[in-house]
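As structure tokens, the structure follows; a few thoughts come after it.
The values are calculated or read from the model by the stated rules, or taken from the named source; none is laboratory data. The structure displayed is predicted, hence computed values, not measured ones. When we count neighbours, we look across all protein chains shown, and the Cβ atoms used for this are built from the backbone with ideal geometry, even at glycine.
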Amino acid sequence: MFDKHSVSLEWAGRTLKIETGQVARQADGAVMITYGETTLLATATFAKSAKPGQDFFPLTVNYMEKYYASGRIPGGFFKREGRPTEKETLTSRLIDRPIRPLFVEGFKNEVQVVLTAVSYDLENDPDVIGMIGASAALVLSGAPFMGPIGAARVGYKDGEYIINPTIDQMEDTDLDLVVAGTKDAVMMVESEAKELSEEIMLGAVMAGHDAMQPVIDAIIQLAEAAAKEPFEFEAEDVSSELKAIQDLVGSELSKAYQLTEKLERQAAVGEARKKAAEALVATEDKPDGMPDGVFKTAFKKAEAKTVRGDVIKTGKRIDGRGLADIRPILAEAGFLPRTHGSALFTRGETQAICVATLGTSDDEQYIDGLDGLHKAKFMLHYNFPPYSVGETGRMGGTSRRETGHGKLAWRALKAVLPEHEDFPYTIRMVSEITESNGSSSMATVCGCSLAMMDAGVPLKRPVSGIAMGLIKDEEGIAVLSDILGDEDHLGDMDFKVAGTEAGLTSLQMDIKIAGITKDIMETALEQAKGGRMHILAEMAKGLDGAREELAENAPQMEIIKVPSDKIRDVIGSGGKVIRGIVEESGAKVNIDDDGTVQVSAIDRPSIEKALKMIKEIVAEPEVGEIYEGKVVSIKDFGAFVNFFGPKDGLVHVSQMANERIGHPKDVVSEGQTVYVKLMGFDDRGKVRLSMKNVDQETGKEAAQEDGE
């Protein structure tokens, strides 16, 4: 019934198995891929023809996690998976990036890759497995895909690289790097690091590339047995159309790309496009002209050829800069008056307003995933409105791009955050991109670093980021620092590097050609280092370190630890005690299962009052000490006094005054504040208190008369 094929190999201490022919047989390509006990279903399907006039490649990658994979039921009212989580969105992007450049140039048929995590062992992250599964499914499908690719995760600890570390191992490494590539070259890198050197990071990329080679061989072996016949596709030859466009408006394009101002340059390119279209595109009156889709493809090639050729030949870029030059930078901290921390970071025509907000444990983000529910204390949200590029557009939910750019900046800054014990705040960063012409994600890194320091967050060191580009053709190679948007679109590489003066904290690379070599990466990293240091120096002109005090409207906070056996006393029955502390002090109080108590308020006196009340509850009273208390009830034989947090004790009628009294009500009344001395405990552990020889005005011990 099934024409089943499989390959397996031992890879970094676990078995990787790829199977096809049994599941999802109507997809063009489908595999079940298992690593350890994490399993994904990967499918690839493509349209057999392109839509008329299609001028872009419509590839969609959807990664989905099913809660049943780890034996969980989704939270919420509906009890089923809903809109994509951040992890699903980021993993979809991660898988898209290395496979997109490997489709044959000119292929514009719709392609959809769907990856479903159906089993999760809480040890092996599905993201790398999904990348390998997508590669295998595409190779089997017969689509014009120049794969396969492999992928690997690399950790680093104690001078050693760790290939495919487990989830537990990742908690104790200095690096989390995912690399994907073909047999000959690297295609994609995504990472976060704890201030590692360029040499260590490059070594990790190459270690991952070496480690993925057996996986690539296994996919080839599976394809030899089970792949479908290659889809017949021949890219449309637009060389004659390209020549016609160059002959007509080539000089105008060259002049347009010498204009340094973005909107002015776009307008000039638009005029050249309009002129060429009117002369060359087919119409009812001119049926022998070129189809509109062909014109769009050829015109893009003409733009690329103009920009790339000029850079290679002259060493000068669109805006007149040299290859390693950085655009002018202006960094301003404290940009907004009422926020906890803010900064305006401008680099050329790219600008970000970054805002820091400090919160308490109540503000932590709850994240529900296959590995359970956990809380995030550091958040970074990136917004990219249409006006930032001078366009109109639909404003709605967060786009995949916004999620990805925000996460990149989050990774870059995470390594320099203070330990939570030293700075117990929840931190939310927001980056509002107000202008964009080249790497707004790296502007976000710089601006958020400044905004956090403006808020008084004691970062270990400031972080800067830079985007590098590449132009590589038969005429030569040029590595570009601080690329413009056009250099990103028309170039071959987008290589983002972030870090401090001590080392790198994040590295992200995307390639639009069939991979790059170690030498090119080495050159790009070295050139990026000089750019990062220059940007750090410019940032220091705005603010060179964290402010010593928090903003006036930021919450004040203190953390103390109470014995675990006292947690119930602080909370009280049904939360009665802790609610009383909050109501009386005006402070927020949160207590964790390990006895960590977080007390926060806008004003310091509220915190001090709450801390005093908590310490009184958890402390043990000492015999012979005098305490302030409140009379809570009166009996014929004495009065009960609440004197030490929730503790009550009896003041016997004989211990209420130095002279004999008839009834306790002759001395005290309910609700009255009194000073009592702890005399000890009776045989049943009951507390014995005394008011004798205690001055009720001062709370001091009164001098005893002779003979007493």
> Can you name every residue in the stretch 52-106 that is aliphatic (A, V, I, L, M) and in contact (Cβ under 8 Å) with a residue 12 or more places away in the chain?
Replying inline: L59, V61, M64, A69, L90, L94, I95, I99, L102, V104
> Just wondering, is there one or more residues in the stretch 244-259 that are closer than 17 Å to G320 by Cβ, surrounded by 13 or more Cβ atoms within 10 Å (Cβ to Cβ), among the polar types (S, T, N, Q) and under 38 Å from the mean Cα position of the chain (by Cα)?
Replying inline: yes
> Do you know which residues across the stretch 334-343 are within 21 Å of the chain's Cα centre (by Cα) and either of a type in the set (A, V, I, L, M) or closer than 30 Å to I318 by Cβ (or both)?
Replying inline: A343
> Are any of the residues in the stretch 448-457 in the same structural domain as Y387 (by TED's automatic domain parsing) and surrounded by fewer than 22 Cβ atoms within 10 Å (Cβ to Cβ)?
Replying inline: yes
> Just one of the numbered conditions (1) among the charged types (D, E, K, R); (2) without any contact (Cβ under 8 Å) to a residue 60 or more places away in the chain; (3) crowded, with 16+ Cβ neighbours inside 10 Å is not true of K588; which one?
Replying inline: (2)
> Restricting the search to the stretch 116-125, which residues are buried (at least 22 other Cβ atoms within 10 Å of the Cβ) and either assigned to a helix (DSSP H, G or I) or of a type outside the set (A, V, I, L, M, F, W, C) (or both)?
Replying inline: Y120, N124, D125
> Only one of V113, V128 is in a helix (DSSP H, G or I), touching a residue at least 40 places away in the same chain (Cβ under 8 Å) and among the aliphatic types (A, V, I, L, M); which?
Replying inline: V128
> Of the residues that make up the stretch 318-335, is at least one over 20 Å from G531 (Cα atoms) and surrounded by fewer than 21 Cβ atoms within 10 Å (Cβ to Cβ)?
Replying inline: yes
>> If the requirement is being part of a helix (DSSP H, G or I), of a type in the set (D, E) and under 29 Å from the mean Cα position of the chain (by Cα), which of these qualifies: D217, D210?
In response: D210
>> Suppose we keep only residues that are within 18 Å of I466 (Cβ to Cβ) and in contact with an Asp or Glu (Cβ under 8 Å, 6 or more places away or on another chain) within the stretch 409-429. Which one would you say is surrounded by the most Cβ atoms within 10 Å (Cβ to Cβ)?
In response: A412
>> Can you say whether Y382 is part of a strand (DSSP E or B), outside the structural domain of E81 (by TED's automatic domain parsing) and touching a Gly at 6+ places or on another chain (Cβ under 6 Å), as far as the supplied structure shows?
In response: yes
>> Can you go through L480, L470 and tell me which one is out of contact with any Lys or Arg (no Cβ under 8 Å at 6 or more places or on another chain) and farther than 27 Å from H381 by Cβ?
In response: L470
> If you go through the stretch 132-168, how many residues are in a helix (DSSP H, G or I), of a type outside the set (A, V, I, L, M, F, W, C) and in contact with a Gly (Cβ under 6 Å, 6 or more places away or on another chain)?
Replying inline: 2
>> Condition first: farther than 30 Å from K274 by Cβ, touching a residue at least 24 places away in the same chain (Cβ under 8 Å) and either surrounded by fewer than 14 Cβ atoms within 10 Å (Cβ to Cβ) or out of contact with any helix residue (DSSP H, G or I) (no Cβ under 6 Å at 6 or more places or on another chain) (or both). Now tell me which residues in the stretch 227-243 satisfy that.
In response: K228, E229, P230, F231, F233
>> Tell me the residue from A298, A268, A304, A256 that is of a type outside the set (S, T, Y), more than 30 Å from F145 (Cα to Cα), at pLDDT below 90 and not assigned by TED's automatic domain parsing to the domain that holds R25, please.
In response: A256
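Okay, residues lined up against (1) in the same structural domain as K194 (by TED's automatic domain parsing); (2) polar (S, T, N, Q); (3) part of a helix (DSSP H, G or I):
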| site | (1), (2), (3) |
| --- | --- |
| G465 | no, no, no |
| L480 | no, no, no |
| S506 | no, yes, no |
| I520 | no, no, yes |
| L525 | no, no, yes |
| R532 | no, no, yes |
| I535 | no, no, yes |
> With K51, K4, K87, K108 as the choices, which residue is surrounded by 15 or more Cβ atoms within 10 Å (Cβ to Cβ) and over 26 Å from G369 (Cα atoms)?
Replying inline: K108
> Looking at P101, is it at pLDDT below 95, in the same structural domain as R14 (by TED's automatic domain parsing), more than 20 Å from T43 (Cβ to Cβ) and not in a loop (DSSP other than H, G, I, E, B)?
Replying inline: yes
>> Considering only residues that are in a helix (DSSP H, G or I) and under 34 Å from the mean Cα position of the chain (by Cα), which ones fall in the stretch 579-602?
In response: V582
>> I need the full set of residues from the stretch 167-197 which are touching a Lys or Arg at 6+ places or on another chain (Cβ under 9 Å) and either more than 23 Å from E526 (Cα to Cα) or among the aromatic types (F, W, Y) (or both), in order please.
In response: Q169, M170, D172, T173
> Scanning the stretch 373-397 for residues that are modelled with pLDDT under 90 and under 18 Å from the mean Cα position of the chain (by Cα), which turns out nearest to Y67 (Cα to Cα)?
Replying inline: L373
>> Just to be sure I understand, how many residues within the stretch 430-445 are more than 23 Å from G359 (Cβ to Cβ) and crowded, with 20+ Cβ neighbours inside 10 Å?
In response: 9
> If you go through the stretch 183-207, how many residues are assigned to a strand (DSSP E or B) and buried (at least 20 other Cβ atoms within 10 Å of the Cβ)?
Replying inline: 9
> So which of I326, I353, I312 is of a type in the set (V, I, T) and either in a helix (DSSP H, G or I) or modelled with pLDDT under 90 (or both)?
Replying inline: I312
> Of the residues that make up the stretch 594-604, is at least one touching a strand residue (DSSP E or B) at 6+ places or on another chain (Cβ under 7 Å), buried (at least 20 other Cβ atoms within 10 Å of the Cβ) and over 30 Å from A333 (Cα atoms)?
Replying inline: yes
> Taking the stretch 14-23, which residues are farther than 17 Å from G150 by Cβ and surrounded by fewer than 20 Cβ atoms within 10 Å (Cβ to Cβ)?
Replying inline: G21, Q22, V23
>> Can you go through G393, G397 and tell me which one is in contact with a helix residue (DSSP H, G or I) (Cβ under 7 Å, 6 or more places away or on another chain) and of a type in the set (G, A, S)?
In response: G393
> When you look at R347, is it basic (K, R) and out of contact with any strand residue (DSSP E or B) (no Cβ under 6 Å at 6 or more places or on another chain), yes or no?
Replying inline: no
